[in-house]
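Student: This is the structure, below, for whatever I ask next.
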Amino acid sequence: MLEVSHITKSFGGRQVLTDVSFTVSPGRLTGFVGGNGAGKTTTMRIILGVLSADSGSVSLGGERLDADSRRLFGYMPEERGLYPKMRVLEQVVYLARLHGLSAREATANATALLEQLGLGERLNDAVETLSLGNQQRAQIAAALVHEPRVLVLDEPFSGLDPMAVEVVLTVLKQRAAMGVPVLFSSHQLDIVERLCDDVVVIADGIIRAAGPREKLREEHSRNVTELLLDGDTGWVRDMPGVTVLDFDGGYALFEAEDEAARQRVLNQALCHGAVVDFARQRPSLTEIFTEVVR
């Protein structure tokens, strides 16, 4: 497990991170979300040792990180860091060699990754000739080629079309299935909601929410329920302890003051026709984000 504990950081007297703490569990995709300037990239750079924290610590498996343990990480910066004149395969092999792989291992790993990421026909093309989306795929290959024990990816889905997102996601899920903790930042909340197992929300350098995605949705949900009935639902408006938020024939969206009131609606609905759907409405990640960063 990767653990970030009570990290604080200031630049020129301006505090940008305050008591930042969260964990990234093995085998899980953790989405790190926040607006521009929220502190995502600074936190990631501290995890990687690019920046030092003023206080706090980062550990892996209970052991505080040092230069040797950070060599086991795979990191993709938001700013593309590939050499534009180098060929794609040559570039990824070179970076693998810097991590200590033999020429044979580096070539085999790089070739397999680039083919999996849809760049098999571009291996000998210069990086600068690739589209921005394909450069992003090559950058991801560079982060994975040395088979890291931890992945830290800054905006890995930026510039990717929907099909490319699915390709990259498949690769990341394979790594997670091998027990690798995967932390990725993104401002694309719809993608994070669909892809991640856990969510960490940061705003103004402060962690505002963290935990499993579904648990957060449950914690931030109101007692709002959707009822779809094979019949009219107008009677819901007369139920005690219930406020109807939306109504249209056989559909009603209502807020109940407690679980007892909600169950009374269900019992009454069964007397009025076939209940097609009766489910608590949970907020989207966008709604949770808006709520916690206010």
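Student: Evaluated at 10 °C with a viscosity of 1.306 mPa s, what Stokes-Einstein diffusion coefficient in µm²/s does the range 2-213 have when Rh comes from the Kirkwood expression over alpha-carbon pairs?
Tutor: My calculation gives 91 µm²/s for D.
Student: Provide, as a two-decimal number, the C-alpha radius of gyration of the range 182-238 over 2.2 N^0.38 Å, N being how many residues it has. Walk me through the numbers on the way to the answer.
Tutor: Numbers: Rg = 17.1 Å, N = 57, 2.2 N^0.38 = 10.2 Å.
Normalised Cα radius of gyration, the range 182-238: 1.68.
Student: Report the residue, chosen from I191, I140, I207, that carries the largest GNM mean-square fluctuation when the chain is represented by alpha-carbon nodes joined by springs under 10 Å.
Tutor: Of the options given, I191 has the highest mean-square fluctuation.
Student: Next question. Taking amide H positions as placed in the peptide plane 1.01 Å from N, state which residues far from L51 in sequence (5 or more) or on other chains have amide H under 5 Å from it.
Tutor: Close amide H contacts, sequence-distant or interchain: I46.
Student: Taking amide H positions as placed 1.01 Å from N in the peptide plane, with prolines and chain starts having none, which residues 5 or more places from R28, or on another chain, fall under 5 Å of its amide H?
Tutor: Residues meeting the amide H criterion: V182.
Student: Got the relative contact order for the chain handy, in percent, Cα pairs under 8 Å and 6 or more residues apart?
Tutor: Details: 557 pairs, mean separation 59.8, N = 294.
Reported as a whole number, the value is 20 percent.
Student: What is the distance in Å between the Cα centroid of the range 156-215 and that of the range 237-294?
Tutor: First find each Cα centre; the distance between them is then 30 Å.
Student: Using the beta-carbon distance between D19 and E218 and R0 = 35 Å, what value does 1/(1 + (r/R0)^6) give for FRET efficiency, to the nearest 0.05?
Tutor: So the FRET efficiency works out to roughly 0.90.
Student: Right, another one. Whole-Å semi-axes of the range 220-283's equivalent ellipsoid, largest first, each the root of 5 times a Cα gyration tensor eigenvalue? Please report the intermediate quantities before stating the final value.
Tutor: Working: eigenvalues 56, 30, 23 Å².
Output for the range 220-283: semi-axes of 17, 12, 11 Å.
Student: What is the order of K9, K85, fewest Cβ neighbours within 10 Å to most? Kindly include the intermediate steps, with their values, before the conclusion.
Tutor: Numbers: K9 22, K85 9.
By the 10 Å Cβ count, ascending, the order reads K85, K9.
Student: Hey, another quick one. Answer with one residue from A261, V276, L229: the one whose Cα lies farthest towards the positive end of the charge dipole of the range 220-283, charges on Cβ with Lys, Arg +1 and Asp, Glu -1.
Tutor: A261
Every number here is computed from the coordinates shown, using simple stated rules; none is lab data. Nothing here was measured: the structure is a model prediction, and the numbers come from that model. Cβ sites come from the backbone with ideal geometry, for glycine too, and all protein chains shown count toward neighbours.
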